[in-house]
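Participant: Take this structure, written in structure tokens, and hold onto it; I'll ask about it next.
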Amino acid sequence: MVKKINVLIVEDEPLIIGVLSNALKKIGQLNPLIEFKVTSVTNADDACFEVKKAVNSVPIDFVLLDINIPHSSDSTILSGEDLGIMIRDFFPCVKIMVLTNHYDNYRLSNILKSLNPEGFIIKTDIDFDPLVSAIECVLDDSPFYSKKVLQLMRKQIVNDFTLDTIDRQMLYHISKGAKTKDLINIVCLSKSAIEFRKRNLKALFGIDSGNDRKLILKAEQHGFI
């Protein structure tokens with residue numbers, strides 16, 4: 001019996017979409033008992049549309065997810081990380097393979113903890129044939145992490161460093177000029193709760209003192225904005 005796998009590719013670079021699609025095509029050629037139905041999108045709005053459509057039709061089985069994607073028009077989905085968390089909420093059995101150009105240990109660690117992907121690849125770590133093998137591993141229920149991700153996991157860097165969705169939304173809106181009074185309505189928290197989160201973020205980033213500008217610069221440095 002042919003196993004049908006519903007795949008969503010979320011990637012804003014057409015060249016990479018082509019590479020991923022070809023990798024899936026090759027897997028299908030090598031294994032005629034697998035049939036892929038592939039949908040590709042380049043931004044968060046289109047991804048959200050496909051996810052919600054799948055809820056009422058065929059569930060998404062496998063996601064190839066770039067972290068750096070254009071955010072949603074309502075700014076609720078600011079990255080592939082946010083999108084991946086949303087997809088897991090809708091489809092608990094989905095397999096997610098993250099693809100990113102990020103090298104920053106803080107950012108990679110946060111993705112590992114918040115999303116716990118079945119596959120995690122630094123794009124520069126891997127060529128076409130290893131990519132095919134990596135996708136096959138994940139589809140066969142064997143996690144796959146590329147070299148730099150494994151190095152991070154072995155070193156166990158920044159074990160307690162985790163930013164949740166609200167933290168990332170706060171950082172994004174602060175970077176766009178939002179003040180605390182604006183954030184109250186945006187993230188639906190009290191002024192004291194927002195100030196508490198700001199202090200916590202500064203502590204996580206190792207900022208002893210300073211205004212929000214220092215916080216944003218540090219967040220940009222580590223790839224959160």
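Participant: Just to confirm the number: angle between the C-alpha axis of helix 128-139 and the first principal axis of the chain, 0 to 90 degrees, nearest 10?
Facilitator: For helix 128-139, the angle is close to 80 degrees.
Participant: Counting only helical runs of four or more DSSP H residues, what would the 222 nm mean residue ellipticity of the chain come to if each run contributes -39,500 (n - 2.57) and the total is spread over all its residues? Working shown, then result.
Facilitator: Details: 10 runs with 115 residues, N = 225.
Using -39500 (n - 2.57) per qualifying helix, the result is -15500 deg cm²/dmol.
Participant: Measure nothing but the geometry: give the 0 to 90° angle between the long axis through the Cα atoms of 212-221 and the longest principal axis through the Cα atoms of the chain, rounded to 10°.
Facilitator: Between helix and principal axis, roughly 20 degrees.
Participant: Same structure, new question: Taking amide H positions as placed 1.01 Å from N in the peptide plane, with prolines and chain starts having none, which residues 5 or more places from SER40, or on another chain, fall under 5 Å of its amide H?
Facilitator: Close amide H contacts, sequence-distant or interchain: ILE9.
Participant: While we're here: To the nearest Å, what is the center-to-center distance of the range 35-90 and the range 115-132, using C-alpha atoms only?
Facilitator: Measuring centre to centre over Cα atoms gives 18 Å.
Participant: Here is a further query. Amide H of LYS95 versus every other amide H placed in the peptide plane: which residues, excluding those fewer than 5 positions away on the same chain, fall under 5 Å?
Facilitator: PHE62, VAL63
Participant: Which aspartates and glutamates have a Cα lying under 19 Å from the Cα of LYS148, excluding residues fewer than 8 positions away in the same chain?
Facilitator: In chain and number order, the partners are ASP66, GLU81, ASP104, GLU118, ASP125, ASP127, ASP129.
Participant: Rank-order 170-183, 60-73 by packing density, defined as the average count of other C-beta atoms within 10 Å over each peptide's residues, highest first. Show your work: numbers first, answer last.
Facilitator: Numbers: 170-183: 16.6, 60-73: 20.5.
Result, highest mean Cβ count within 10 Å first: 60-73, 170-183.
Participant: Further question on the same structure: What lysines does LYS37 reach when the alpha-carbon gap must be under 16 Å and sequence neighbours fewer than 8 apart in one chain are set aside?
Facilitator: Reachable lysines: LYS3, LYS4, LYS25, LYS26, LYS53, LYS95.
Participant: Here's something else I'd like to know. If you work out Cα extents along the principal axes in Å from the coordinates, which of [x] 59, 40, 28; [y] 54, 38, 31; [z] 41, 39, 33 do you get?
Facilitator: Matching entry in [x] 59, 40, 28; [y] 54, 38, 31; [z] 41, 39, 33: [x].
Participant: By how many nm would the segment from GLU220 to VAL58 grow when fully extended, if each residue of separation counts as 0.36 nm and the alpha-carbon distance is taken off?
Facilitator: Details: separation 162, 0.36 × 162 = 58.32 nm, distance 3.75 nm.
Taking GLU220 through VAL58 to full extension adds about 54.6 nm, to one decimal.
Participant: Can you tell me the dipole magnitude for the chain around its Cα centre, using point charges on the Cβ only (Lys, Arg +1; Asp, Glu -1), in Debye to the nearest 20?
Facilitator: Details: 28 positive and 29 negative charges, 138 e Å.
Charge dipole of the chain: 660 debye, to the nearest 20.
Participant: Another question about this same structure. Along the charge dipole of the chain, which of ILE67, SER40, ILE186 sits closest to the positive end, that is, farthest toward it, with unit charges on the beta carbon of Lys, Arg, Asp and Glu (+1, +1, -1, -1)?
Facilitator: Selected residue: ILE186.
Participant: I've got another one for you. Going from most exposed to least, what order do CYS188, CYS137 have by accessible area with a 1.4 Å probe? Before the final figure, lay out the partial values.
Facilitator: Numbers: CYS188 105, CYS137 50 Å².
I get CYS188, CYS137, largest accessible area first.
Participant: Just to check I understand the Karplus step: with θ = phi - 60° and J = 6.51 cos²θ - 1.76 cosθ + 1.60, what whole-Hz values come out for the range 68-76, glycine and proline as x?
Facilitator: 8, 10, x, 6, 5, 5, 9, 6, 8
Participant: At q = 0.25, 0.27 Å⁻¹, what base-10 log of I(q)/I(0) does the Debye formula yield for the range 165-222 when every alpha carbon is treated as an equal point scatterer in vacuo?
Facilitator: Results for the range 165-222 at q = 0.25, 0.27 Å⁻¹ read -1.06, -1.23.
Participant: Any idea what angle helix 105-115 forms with the longest principal axis of the chain, computed on alpha-carbon atoms, 0 to 90 degrees, nearest 10?
Facilitator: Roughly 70 degrees between the two axes.
The values are calculated or read from the model by the stated rules, or taken from the named source; none is laboratory data. It should be emphasised that the depicted structure is a prediction, and the values quoted were computed from it without experimental measurement. Neighbour counts are summed over all protein chains in view; Cβ atoms, including those assigned to glycine, are modelled from backbone coordinates with ideal geometry. Remember, those area values only see protein heavy atoms, side chains included, never the ligands or the DNA or RNA. Shrake-Rupley method; radii C 1.70, N 1.55, O 1.52, S 1.80 Å.
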